[in-house]
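Since the structure comes first, as structure tokens, the remarks are kept for the end.
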Amino acid sequence: MSTQIFVNLPVSDLTNSIAFFTELGFSFNPQFTDETATCMIVSDDIFVMLLTEAKFKTFTPNEICNAKKYTEVLVCLSVESRERVDELVRKAVAAGGATYSEPQDYGFMYGHGFQDLDGHIWELVHMVPGAENEG
């Protein structure tokens, strides 16, 4: 069995967050979706649990970080092309998200990112195949 990762993020409005990520092309597992949470499918082994703030609070003794003011995590996803990086950023902005920097082009790696409706930062990178083995 491969290791799976479940990233848990608090959201202020679950319905709006589902609509936002649907616009980016993500799907959700209905088995793990109710009025307090949804399981966004990123890949076969990567999932993002979008949890209402009330639900999220049941999993931590700490205060929830306001991601619009502070950064608690950077979520970085690799994608298949530079064009896909730009496409996802365009879709995120059109769906109500925002960019926070200009695209970064390092030749072997291209990246850009967006902030979702709750301010969580999503970085997107495309790396030239084989570049990870150089150096």
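The values are calculated or read from the model by the stated rules, or taken from the named source; none is laboratory data. Just so it is clear, the model here is predicted, and its values are computed rather than measured. All Cβ positions, even for glycine, are placed from backbone atoms using ideal geometry, and neighbour counts span all protein chains on display. Note: accessible area is taken over every heavy atom of the protein model, side chains too, but ligands, DNA and RNA are not part of it. Shrake-Rupley method; radii C 1.70, N 1.55, O 1.52, S 1.80 Å.
Quick notes on this one:
- Bridging of Lys55 to aspartates and glutamates at a Cα separation below 13 Å is possible for Asp13, Asp34, Glu35, Glu63, once same-chain residues fewer than 8 apart are set aside.
- Here, P(r) means the percent of Cα pairs in each 10 Å bin from 0 to the largest distance; for the range 55-109 it is 16, 41, 27, 15, 1.
- For the residues Met49, Met40, Met109, a GNM of the chain with alpha-carbon springs under 10 Å puts the largest fluctuation on Met109.
- Per the Debye formula on identical point scatterers at the alpha carbon atoms of the chain, with no solvent, log10 I(q)/I(0) at q = 0.18, 0.19 Å⁻¹ is -1.07, -1.17.
- The range 77-135: Cα Rg divided by the 2.2 N^0.38 Å rule of thumb: 1.16
- Fluctuation leader among Asn62, Asn29, Asn16 - the chain, Gaussian network, Cα springs under 10 angstrom: Asn62
- Protein accessible area in the range 5-135, 1.4 Å probe - carbon and sulfur %: 52
- Tilt relative to the chain, helix 14-23 - C-alpha long axis, 0 to 90 degrees, to 10: 20
- Length-normalised contact order of the chain in % [C-alpha pairs under 8 Å, at least 6 apart]: 22
- Counting only Cβ charges, +1 for Lys and Arg and -1 for Asp and Glu, the dipole size of the range 65-135 around its Cα centre is about 280 debye.
- For the range 44-92, the per residue solvent-accessible surface stands at 68 Å², with DNA, RNA and ligands left out and a 1.4 Å probe.
- Positive-end residue of Ser101, Leu51, Ser78, charge dipole of the chain with Cβ unit charges: Leu51
- Over the range 1-65, volume per residue of the alpha carbon convex hull, in Å³: 100
- About its Cα centre, the dipole of the range 1-93 is roughly 240 debye, where the only charges are +1 on Lys and Arg Cβ and -1 on Asp and Glu Cβ.
- Using alpha-carbon coordinates, inclination of helix 82-94 to the longest axis of the chain, degrees: 40
- Most tightly packed first, judged by the mean number of other beta-carbon atoms within 10 Å of their residues, the peptides 68-77, 116-125 read 116-125, 68-77.
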